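Nothing in this text is a laboratory measurement; each read-out follows from the coordinates by a stated rule. The structure displayed is predicted, hence computed values, not measured ones. Virtual Cβ from ideal backbone geometry, glycine too; neighbours counted across all protein chains shown.
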Protein chains: 2
Amino acid sequence: MLEILTSVGSLWIVFVAVIVSILGAFFCKKFVDQASPGNDDMVRVQGYIKQGANAFLKRQYTTLGIFVIVVAVLLGLIYGLSDITHVATWLVVFAYIVGSGASAWAGWFGMRIGVDANAKTAWAANKEDTEKGLDDGFNVSFFGGCFMGLIVTAAALGGVWALFFFTGNPHAILGFSFGASSIALFAKAGGGIYTKTADVAADIVGKIEQSLPEDDPRNPAAIADNVGDNVGDIAGMGADLFDSYVASIFAAMLLGFAVFSSGVIPSNGHILSLSDGQLMAALPLIENGAGLFASIIGIYLVFRTATKDPSDALNNGTYLATVLFALIAAIISWGLAATNDEMAGQIWAAYWTSLLGLISGLVIGLTTDYYTDDRRKPVRAIAASSEQGHALNILTGFSYGLMSIGPPVIGIAISMYVAYEIQGIYGIAMASNGMLAIVATIVGNDAYGPIVDNARGIAEQGGLDEEVIRTCDRLDSAGNTAKAITKGLSIGAAALTVLALLYSYVEDAENQLFEKTGTLGSFVDEFNIIDNPLILIGLILGVMIPCVYSAILIFGVDKNAQIMVKEIRRQFKEDPGILKGESDADFNKCIDIATRGALKELTVPSLLSLISPVIVGVLFGIPTLGAFLAGSILSGFVFALLMSNAGGAWDNAKKFIEDGNYGGKGTLAHSASITGDTVGDPFKDTAGPSINTLICVLSLASEIFLPLFIAVNDGMGLIG
Amino acid sequence: MLEILTSVGSLWIVFVAVIVSILGAFFCKKFVDQASPGNDDMVRVQGYIKQGANAFLKRQYTTLGIFVIVVAVLLGLIYGLSDITHVATWLVVFAYIVGSGASAWAGWFGMRIGVDANAKTAWAANKEDTEKGLDDGFNVSFFGGCFMGLIVTAAALGGVWALFFFTGNPHAILGFSFGASSIALFAKAGGGIYTKTADVAADIVGKIEQSLPEDDPRNPAAIADNVGDNVGDIAGMGADLFDSYVASIFAAMLLGFAVFSSGVIPSNGHILSLSDGQLMAALPLIENGAGLFASIIGIYLVFRTATKDPSDALNNGTYLATVLFALIAAIISWGLAATNDEMAGQIWAAYWTSLLGLISGLVIGLTTDYYTDDRRKPVRAIAASSEQGHALNILTGFSYGLMSIGPPVIGIAISMYVAYEIQGIYGIAMASNGMLAIVATIVGNDAYGPIVDNARGIAEQGGLDEEVIRTCDRLDSAGNTAKAITKGLSIGAAALTVLALLYSYVEDAENQLFEKTGTLGSFVDEFNIIDNPLILIGLILGVMIPCVYSAILIFGVDKNAQIMVKEIRRQFKEDPGILKGESDADFNKCIDIATRGALKELTVPSLLSLISPVIVGVLFGIPTLGAFLAGSILSGFVFALLMSNAGGAWDNAKKFIEDGNYGGKGTLAHSASITGDTVGDPFKDTAGPSINTLICVLSLASEIFLPLFIAVNDGMGLIG
C-alpha cells in the first residue's frame, strides 16, 4: 500500500482519479440519457435551444480555430528562432494545441449533456406528487451538471498529468495552460455577451414594456435567452474554470521546480523517479488527484442520501468534498512523507497550505454571500430603495457592491500571508490549488444552475402546470444558493492563481536569462516600487486594463441589446398576433443578432488582452511587464468582486420584490428593481467573470512569450 | 534686477505675489460688493441660502474644531514622547493648527463672497439688452469666483512661504499641509453629501414625479439644493484644491532637501541664504509664485478684453495663465540660474518639469473632455440609449466611464516617465507643482460654476424673465466647459502629488531612522513586489480603501436622499397648496435633513481614512504602509476618473435630451436620462472628488505619524 503512495507511484493515483472521473461522467450521462424529454412542445423548444447553442459554438470554434492556428505559428516562430533549450519548440506548440482542444472539447461535450438535461429535468419534475417531482427533477439536473464537472476536471487533470508524466517539462504544461486560456477568453467573453444580450433585451421589451412573464413563448428573445444560458453559463463557465484550474497547477508546478531544484528549472524526459524538485512539482497534481476523488465520492453520497431540500443537497456535496479532501490528502501526504524523510516537512506544509486555501475560499464565499442573500440587509435595502425609483436602486446596489470588496480582499490578504509564512511563494500557489481541488464539485454545482433555469423556460413554453414551474423555481433557487458558496472558491482561486503566476513568471524569467547569459539574472531586484519608476508606471498601466476590458464587454452587451430591443419591438408591431399568442414569434432573428453580435464584440477585447503584455514586455522589459501584471491583478480582483456582487444583489432584490414585497409586481419598486437587475446582468455574467479569465490570460501570455522578451535587450526592453 | 532673482531674494517674489493676490482679491470683492442683489424676492431667497450655508459651515466647523484639537493633542503626544530632533513638537502642532485654520478661513471667506455674488449675477444679467446682461452677469460671477481663487491661493502659498522663511523646516510645512488636508477631508465629504442629498431628492420628487422645472420655488428642496452648491462646490472644492496645492509644494520641498542635501533632511532656522538643498526646496514655492502672478495677470486680461462668449473668456484665462507662467517662470529661472552656476542645470530642469506638468494636465483635461462633451460620441450614445430605457442609459454611461480611464492613465504614465527622466523623483514632484501652478485660475473657474448655478435658481425663484434665466443658462454652460479643462489639471495633479508624497514618505522614513539609529536605513530595499509578500498585501489592502470609502459616501447620499424624498412627498401630500403655488414649502425641513445627514455620514469615512494608515503602519511597518499608499493611489485614481467622467457624461446626456433631442422632455428617454444624471450626481460630486482628498490625507497622515511607526520595532511594525 505504502509503495503506491511513494515517489513516482503517487502520480498513478492521479491517473486513477482521472479514469474514475471519466467513468463517473459516463454514469451521469447514462442517467440523463434514459430520462424522457417530455411532450412534443418541449422537444421542439429543446431542439431550438440545441440548434442555437450548437450553431453558436460552431461559429465561435471556427473563429477560435483560426486564432489558435495563428498563435501556434507565432509560438513556433518565437521558440524556433530563439536559442532557448529548456523546451523543444514542437512540444510547446503541441501542448498549446492540445490544451485548447481539450478545453474546447470539454466545454462542448459538457454543454451537450446540459442541453439534453434541461427538458428532461422539467419532465421529471412533472409529477402528481410534487416532492417526488422535486426529487426526480433534482437528480436529472444534478447529474447533468456533474457530467460537466467530471469531464472538465478529467480533461484538465488528465492532460496535465500526461504531459508531466511523459515529458517532465513544466513548460509543456505552460503551453497546455495557455491553450486552455485562449479558449476560455473567447468562450467566456463570447458566451457572456451572447447570454446577456438576449437576457437584457428580453427583460426590457418583454418584462418592462409588455409585462410578459419570464420565458414567455411570445417573447421572440426567449429562445436566445435559453441558448445564452448554455453557451455562457455552461460552456463559458466550464472553459473558465478549466483555465483557472490548469493555471493554478502550472504555477505551483513551476514554483515547485524553481524553489526546490536549487533555482534552475530542469527539462527532464519521461518521469521514472522523482527528484526533490520534481516531487514538489508533482504535489499540486497529487493534491488535485485527492480533490477529484473527494468530489466523486461527494457526488455519490449526495445522490444516495438526497435530502428533501435540493439546496442542502448541493451544499452538502461541497462540504462533504471538503472534508473528504482533507482526509484523502492527509492519507496521501502521510504515505509520501513516510517514504521521503527529507521532504516530509515540505509535504505536510503543502497539505496545510492546500487545506488553508480550500477553507478560506469557503469562508470568502460565505462572507460574500452576505451581500447577495435576500435575507440580509444589503438586498433588503436595495429592494426598499427601489420604492424611491430607478436611480436609488442603482446607487444602493452599487454602493453595496463597492463595500463587498472589503471582506474578500482582507480574506485573500490573510490567506496569502499565512500561506507565505508556511511555505513561501510555493505556499501561495498551493493555497490556490487547494481552492480549486474540488473543482469537479464547483463546476457541477455551477452547471446545475443553467440546466434548471432552462428547464423552467421549457416547462413554461411546453405548457406544463404552474405547479411544475414552481418546482423548477425551487430547483433554480437552490442553484443560486450553491453558487454563492462555490463562487468564493473561484474568485479566491483566480486571485491567488494569478499571484502565483506572477511569481512563476519572475522565476521563469530569471531562469531563462541564466540559460542565455550564464549569469544569474537580477530581474527580481528591479521590482522595487520606489527605486524603479517603471514599476509604478507598469502598475498604473496594468490597473487600467481590466477597466477598459470590462468597458468593451459591457458596451458590447449594451449595443447588441439595443439592436435586439428594436427587433423585438418591430416583431410585436408588425405582427400583433404574436402578443395574443396567435402567431409564432421569429426566434431565429434574435438568435442571429446574439450570435453575430457576440462574435463581433469579443474580438477587440480578446486581442487587447493578448497584445497588451507583448507591447509592454517588448517596450519596457520584463520587470515592468511584471508590474503591469500585478496592476491588472489588483484592479481586476476589485472590479470582478464589485460587478459580481452588485449584480447578484440587484438580481435578488428584484426576486425579493417579485415575491410580493414592497407591493410586488407592477409597482414602481418592481420596475426599478428590473432596471437594477438589467444593469447587473452584464456586470455579473459578462464583465465580472471575464475579468478572471483576462488576468489569467495576461499572466500566461507574459510567461509564454518570455523568450521574445529575453531576446530584446536581455529582457530589459527597448526603452527600459 | 538680477539680485532679486537670486538666492534668498527670489523667495521675496513669492511674498510679493501673495500680497498682490490679496489686493486682487479685495478688488474682486469690491466689484461684487457694489453690484445690486436685485428685487425683494431675490434678496429673500439669497438670505435663505446664506443662512443655510452659514449654519452648515458653522456646525461642520464645530465638529472639525473638536477633531483638530484631538489630532493636535495626538501629534503633541507622539512628537513629544518620541526622541526625534528634526522638528520641535510645538512647531508641528502649531503648523497643523494654522494649516487647518487657514484652509477653513479661505473656504468660508470665499464662500461668503460666492453666496453674495449669486443674486447679484442674476440681477446684473437682468437687462433689456441680453448681450449686455450676459456681459455684466459674467463679470459679477467671474469676480466672485476669482475672489475665491485668489484668497485660497494667497492663504496657501502665504502660509507655506512664511513657515519656510521663518523656520526653514520642511516638517513645519508637513504639519501645515496635514492641517489643510484634515479640513479638506471633512469639507469635501460633508459638502459633497449635503449638495447631492438635496440635488438627488429635488430631482426625484420634483422633476420625475411632479414634472417641476429645475429650481422651482414650489420644491421644498430647492433652497437646500442651492445651499449645497455653495458648501459643496465652493467651500468644499476650495478646501480640496488648497489641500492638493499645499501637499504638492510640500512633497517637492521635502524631496528637494532629501535629494540635494546629501540625503539628510536638515532642520534649519530662519532662512538668510539658500544652500543647494534649500534652493531646490524653495523652487516649488518660487515656481508657484510665478504661477500666481500668471493667474493674476490672466484674470486682469480676461476682464479687460472680455469676449462675447463667456466660455471663451474663461478658457482664454486658463490658456493665458499657462503662457504667462511659461514666460515668468523662464525669467525667474534665468535669473536664478545666472547666479547659481552649479545648480543652473537643475533650475532649468525644474522649470521644464513644471511646464511639462502644466501642459500635460491641460492635454489630459482636453482628452477627458471628449467623454463628457455633448458634441461627441459618448454623450450622444448615452442619450440615444436612453430611448431604450433606464438600464441601458446606465450601462452605456458606465461603460464610457470605464473607457475614459484609459487616456488620463496613459497621460500620467507618460508625464511621470518624462519627468523622472529629466529630474528623478524630484521631477515628478515638480510636474505636480506645475499642474497646480495656476491654481488661482482653476479655483476661480470652478467657483464661477456654482455662483451662476445659484444665480439661475434665484432668477427662477425671484420671478425674473425667461430671457434672464436663459442668460444664466448660457453662463452656466460656460462654467461647465471651463471646468472640463481645469478638471484635468486637478485630477492629474492629485495623482502626481500623491506619487510624490509616496516618495517623500519613504525619504523621510529613511531620514528619521537614520536620526534614531545613526545608520542609513534600508526601507527602500523592502519595497520589492516579488521579494517581500507584505508589499503585495499592502497593495491589495490599499486598493480596497477608495472602494469602501466611496461606498460609504454614495450610500450616505442615497440614505439621506431617501429621507428627503419622503419629506418632500409628505409636504406635497399634506399641503396641496404648495404645488399650486398658493402656500410656501417648508425649506427648513430639507435644509435640516441635509445638514444633519451630511454631518452624520462624514464621520465614519473620515475616521477610516485617518485610522487605516495608522493600523497598517503599526502592525506591518513602514514599507507595507508605503505599498498600502501606492495601492490606494492606483485604485483611487481609477475610481475618481470613472466616477467623475461617467457622472459628467450622464449629466450632459440629460441636458442634450432636455434641449429637445430624442423627443425632449416628458419622454421615456428623458426620464431614463434623469435616472442616469441622478446616479451620476454622487459619483461626480461626492465620491469622485472626495477620493482625491482621501488619497492625499492617507499619504500625509502616514508621513506625519512616522515618528510613531519608527518607534515600533524601528519602523518594521509589530508583525512585519
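Sort B:242-251, A:352-361 for me by packing, meaning the mean count of neighbouring Cβ atoms within 10 Å per residue, highest on top.
On the way: B:242-251: 31.5, A:352-361: 25.3.
Taking the mean over residues of other Cβ atoms within 10 Å, the ranking is B:242-251, A:352-361.
Angle, helix A:130-167 long axis vs. longest principal axis of chain A, Cα atoms, 0 to 90°, nearest 10?
20 degrees
What ranking, highest mean first, results for peptides A:69-77, A:279-287, A:689-697, A:104-112 when packing means the other Cβ atoms within 10 Å averaged over each residue? Before the final figure, lay out each step's value.
Values: A:69-77: 15.2, A:279-287: 27.7, A:689-697: 29.4, A:104-112: 23.9.
Result, highest mean first: A:689-697, A:279-287, A:104-112, A:69-77.
Going by the alpha-carbon gyration tensor, a ≥ b ≥ c the square roots of its eigenvalues, is region B:528-664 rounded (a/c under 1.5) or, if a/c is not under 1.5, prolate (a/b greater than b/c) versus oblate? Numbers along the way, then the final one.
Values: a/c = 5.37, a/b = 2.00, b/c = 2.69.
The shape class here is oblate.
How well do other chains shield peptide B:666-678, expressed as the mean number of their Cβ atoms within 10 Å of each residue Cβ? The partial results should precede the final answer.
On the way: counts 0, 0, 1, 0, 0, 2, 2, 0, 3, 8, 3, 1, 6.
Averaged over the peptide's residues, the number is 2.
How about A:LYS132: which aspartates and glutamates have a C-alpha closer than 17 Å to its C-alpha, ignoring those fewer than 8 places off in the same chain?
A:ASP309, A:ASP312, A:ASP465, A:GLU466, A:GLU467, A:ASP473, A:ASP476
Treating the point 7 Å from Cα along Cα-beta-carbon as the label, what are the nm separations from A:LEU301 to the other copies, to one decimal?
Distances to the matching label points in the other copies: 8.0 nm.
Treat the count of other C-beta atoms within 10 Å as a stand-in for reagent exposure and order A:GLU421, A:GLU209, B:GLU387 from fewest to most. Walk me through the numbers on the way to the answer.
Working: A:GLU421 12, A:GLU209 16, B:GLU387 20.
Least to most surrounded, the residues fall as A:GLU421, A:GLU209, B:GLU387.
Straight-line reach from B:LYS665: which lysines fall under 23 Å, measuring Cα to Cα and dropping same-chain residues less than 8 apart?
Filter leaves A:LYS566, B:LYS196, B:LYS207, B:LYS377, B:LYS580, B:LYS654, B:LYS655.
Explain nothing, just the number: dipole magnitude of region A:614-720 about its Cα centre with +1 on each Lys and Arg Cβ and -1 on each Asp and Glu Cβ, in debye rounded to the nearest 20. Write down the numbers at each step before the final one.
Numbers: 4 positive and 8 negative charges, 30 e Å.
Using Cβ point charges on Lys, Arg, Asp and Glu, region A:614-720 gives about 140 debye.
Order these peptides, B:89-97, A:424-432, B:640-648, B:659-667, by their mean beta-carbon neighbour count within 10 angstrom, highest first.
Numbers: B:89-97: 20.1, A:424-432: 29.9, B:640-648: 27.6, B:659-667: 13.8.
So the peptides B:89-97, A:424-432, B:640-648, B:659-667, ranked by packing, come out A:424-432, B:640-648, B:89-97, B:659-667.
What is the mean number of Cβ atoms from other protein chains located within 10 Å of the Cβ atom of each residue in peptide A:631-642, rounded to a whole number? Write out the running numbers ahead of the final one.
Numbers: counts 5, 0, 4, 11, 6, 0, 3, 10, 6, 0, 2, 3.
Across A:631-642, the average partner-chain Cβ count within 10 Å equals 4.
Which angle from 0 to 90°, rounded to the nearest 10, does the C-alpha axis of helix B:688-704 make with the longest principal axis of chain B?
Taking Cα atoms only, the helix is inclined about 20 degrees.
Cut-off 16 Å, label point 7 angstrom out along Cα-to-Cβ of A:LYS377: give me the residues of region B:593-620 whose amide nitrogen falls inside.
B:601-605
Considering only the label points, 7 Å along Cα→Cβ from Cα, what distances in nm to one decimal separate A:ILE414 from the same position in each other copy, shortest first?
Here A:ILE414 shows inter-copy label distances of 4.5 nm.
Semi-axes, largest first, in whole Å: what does sqrt of 5 times each Cα gyration tensor eigenvalue give for the protein assembly as shown? Present the calculation step by step, with values, prior to reporting the outcome.
Details: eigenvalues 568, 342, 125 Å².
They are 53, 41, 25 Å, listed from largest to smallest.
Relative to the longest principal axis of chain A, what angle (0 to 90°, nearest 10) does the C-alpha long axis of helix A:390-403 take?
30 degrees
Over region A:75-230, with a single point scatterer placed on each C-alpha, what log10 of the ratio I(q)/I(0) does the Debye formula yield at q = 0.10, 0.13, 0.15 1/Å?
-0.55, -0.78, -0.90
With a point put 7 Å past each Cα toward its Cβ, work out how far A:GLU467 is from B:GLU209 in nm, to one decimal.
4.4 nm
Show log10 I(q)/I(0) for region B:648-694 at q = 0.20, 0.24, 0.30 Å⁻¹, two decimals, from a solvent-free Debye sum over equal Cα scatterers.
Summing over Cα pairs of region B:648-694 leads to -0.59, -0.73, -0.96.
Determine the shielding of peptide A:544-550 by partner chains: average, over its residues, the number of Cβ atoms on other chains within 10 angstrom of each Cβ.
6
Taking other Cβ within 10 Å of each residue's Cβ, how do B:HIS670, B:HIS171 sort, fewest first? Kindly include the intermediate steps, with their values, before the conclusion.
Details: B:HIS670 22, B:HIS171 26.
Taking fewest neighbouring Cβ atoms as first place, the list is B:HIS670, B:HIS171.
Need the full-extension length gain, A:LEU608 to A:ASP659, defined as separation in residues times 0.36 nm minus the C-alpha distance. One decimal, nm. Walk me through the numbers before you get to the answer.
Details: separation 51, 0.36 × 51 = 18.36 nm, distance 4.26 nm.
Taking A:LEU608 through A:ASP659 to full extension adds about 14.1 nm, to one decimal.
When Lys and Arg each count +1 and Asp and Glu each count -1, what net charge do the other residues less than 10 Å away from B:ASP681, Cβ to Cβ, add up to? All intermediate terms of the calculation are to be shown ahead of the outcome.
Numbers: positive: B:LYS196, B:LYS684; negative: B:ASP199, B:ASP203, B:ASP651, B:ASP677, B:ASP685.
Around B:ASP681, the surrounding residues sum to -3.
Could you give, in nm with one decimal, how far A:SER82 is from each other copy of that position, shortest first, with labels 7 Å out from Cα toward Cβ?
4.7
In square nanometres and to one decimal, what's the mean projected area of the convex hull around the Cα atoms of chain A?
On the way: hull surface 112.7 nm².
Spelled out: convex hull of the Cα atoms, projected over all directions, averaged, 28.2 nm².
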